[in-house]
1. How do the helices (runs of 4 or more DSSP H) wholly within the range 270-366 filter down when requiring 1 or more residues that are loosely packed, with under 15 Cβ neighbours inside 10 Å and either at pLDDT below 95 or touching a Ser or Thr at 6+ places or on another chain (Cβ under 7 Å) (or both): which remain?
2. Is it the case that the range 59-70 has a residue that's crowded, with 20+ Cβ neighbours inside 10 Å and more than 11 Å from the ligand (Cβ to nearest atom)?
3. Among the residues of the range 89-102, are any more than 9 Å from the ligand (Cβ to nearest atom), within 23 Å of the chain's Cα centre (by Cα) and at pLDDT below 95?
4. When Ala129 is evaluated against the numbered criteria (1) modelled with pLDDT under 95; (2) within 21 Å of Arg265 (Cβ to Cβ), which criterion, by number, is the only one it fails?
5. In the range 92-111, what count of residues is obtained for those that are more than 23 Å from Asp130 (Cβ to Cβ) and either among the hydroxyl-bearing types (Ser, Thr, Tyr) or touching an Asp or Glu at 6+ places or on another chain (Cβ under 8 Å) (or both)?
6. I need the full set of residues from the range 82-91 which are polar (S, T, N, Q), in a helix (DSSP H, G or I) and surrounded by 21 or more Cβ atoms within 10 Å (Cβ to Cβ), in order please.
7. Enumerate the strands (runs of 3 or more DSSP E) found wholly within the range 149-265, keeping only those where 3 or more residues are under 26 Å from Lys103 (Cβ atoms).
8. Restricting attention to the range 25-58, which residues are surrounded by fewer than 22 Cβ atoms within 10 Å (Cβ to Cβ), touching a Gly at 6+ places or on another chain (Cβ under 7 Å) and within 29 Å of Glu354 (Cα to Cα)?
Amino acid sequence: MTSSLPQPSAQAIAHSNQLSEAIQQDIARQGGWIPFSRFMELALYAPALGYYTAGARKFGEAGDFITAPELSSLFGRALARQLIEIMQLSAPHIMELGAGSGKLALDILLELERQNNLPERYSILEVSADLRQRQQALLHEKLPHLISRVQWLDALPEKFSGAVIGNEVLDALPVHLVYWATGQVFERGVGVEGERFIWHNRLPENADLIEFAQSIEVPDDYLSEVSFAARGLVASLCERMDLGAMIFIDYGFGAREYYHPQRSRGTLMCHYRHHAHDDPFYLPGLQDITAHVDFTAIAETAIDHGGHFLGYTSQAHFLFNNGITDFLTDVSPEDVKAYAPLAAQIQKLTSPAEMGELFKVIALGKGLDQPLAGFLRGDLSRTL
Ligand SMILES: C[S@@+](CC[C@H](N)C(=O)[O-])C[C@H]1O[C@@H](n2cnc3c(N)ncnc32)[C@H](O)[C@@H]1O
């Protein structure tokens, strides 16, 4: 399948070979085997070499995939309405996790300025130095008058009140692979044969993974993922939040659908120049690797760490509930040049055939108990 993908340049291949060697050395140091989560962590985030940490284009037409904020400013504008409500109930602070190119921060701040509801502080926590630089360049150029409100964090703050957002962040965190076969559970990890990465199953030693594997029932010959990193991030956020809410937007489902008997090969996906495939060993460092989000695990983790569940719905309902179509009324339908692209963007963001239903939005909070506007219609919490 990967043989039909666009050919990378010689320079890109050299970069990928350098990262592959670094991963192989890591595998050798660990005695010939690493969990897949370690492979994914290095492929995406190895300092200066990983897909997110090195200079790959990543987002947009010239990159590998398109996210909602890259597709349309209306996404950030609608989200900003939800953030106003959360800030009014808590504190005038926003923290964005994994801000990508900075486009979502830009759209949100512009909309909050229009609505006269700017936060005192907009903090960004970004693990990639390359992306942090891109975010800084974009916001310095487009929002010089607001830049004093924006700060970049090196770690989660000890305490936080306000609104937290993360668009397509949970899916980018490393996952462990679990394989059920012959009545036993295995952890699927990565070894090396010659110069190639190979899959290698072994009996699990990781206590969390053993507990997880025993907690669900799946048929034999069944492969799936579990994201302890996503759970860990949500747990830390809930422990550190005093008052406020966090909104995560991502592709995924509740546990029943995630670990459905028919989804026997999991949800791991790779994106290379707008081609999706399932081989994470293809050109490490040049392609994105992701897994869908188990939103049941996210909600349960929040509750176990002092947070509470505030809502779960589809991206389409969340955006409609936050009035995304109102932005069309700013433009006359007769002005086809201005109106048609906006209508097409809303269609992409909300149509069930595009991003509208696969993408979900979950809200978790601390100290807030009233329903949030984005979740008033289209409740999907029964699917968790
Ligand atoms: C798929 S991109 C999404 C970017 C952006 N939110 C968007 O929607 O275009 C994932 C982002 O999460 C960042 N990231 C990954 N792990 C992170 C972590 N533990 N904390 C904060 N950011 C993280 C990546 O560097 C990248 O910016």
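1. Details: elements: 295-304, 315-321, 336-350.
Fully inside the range 270-366 and qualifying: 336-350.
2. Looking for residues that are crowded, with 20+ Cβ neighbours inside 10 Å and more than 11 Å from the ligand (Cβ to nearest atom), one finds none in the range 59-70, hence no.
3. no
4. (2)
5. Of all residues in the range 92-111, those more than 23 Å from Asp130 (Cβ to Cβ) come to 92-93, 110-111.
Those still in the list that are either among the hydroxyl-bearing types (Ser, Thr, Tyr) or touching an Asp or Glu at 6+ places or on another chain (Cβ under 8 Å) (or both) too: 92-93.
So the answer is 2.
6. Taking the range 82-91 first, the residues polar (S, T, N, Q) are 82, 88, 90.
With in a helix (DSSP H, G or I) added as a condition, the list becomes 82, 88.
Selection gives Gln82 alone.
7. Numbers: elements: 150-153, 160-167, 176-181, 184-193, 196-202, 222-226, 241-253.
Strands (runs of 3 or more DSSP E) meeting the threshold: 150-153, 160-167, 241-253.
8. Arg57
The values are calculated or read from the model by the stated rules, or taken from the named source; none is laboratory data. Everything quoted here is computed from the prediction, not taken from an experiment. Positions of Cβ are generated from backbone atoms using ideal geometry, with glycine treated the same way; all protein chains shown enter the neighbour counts.
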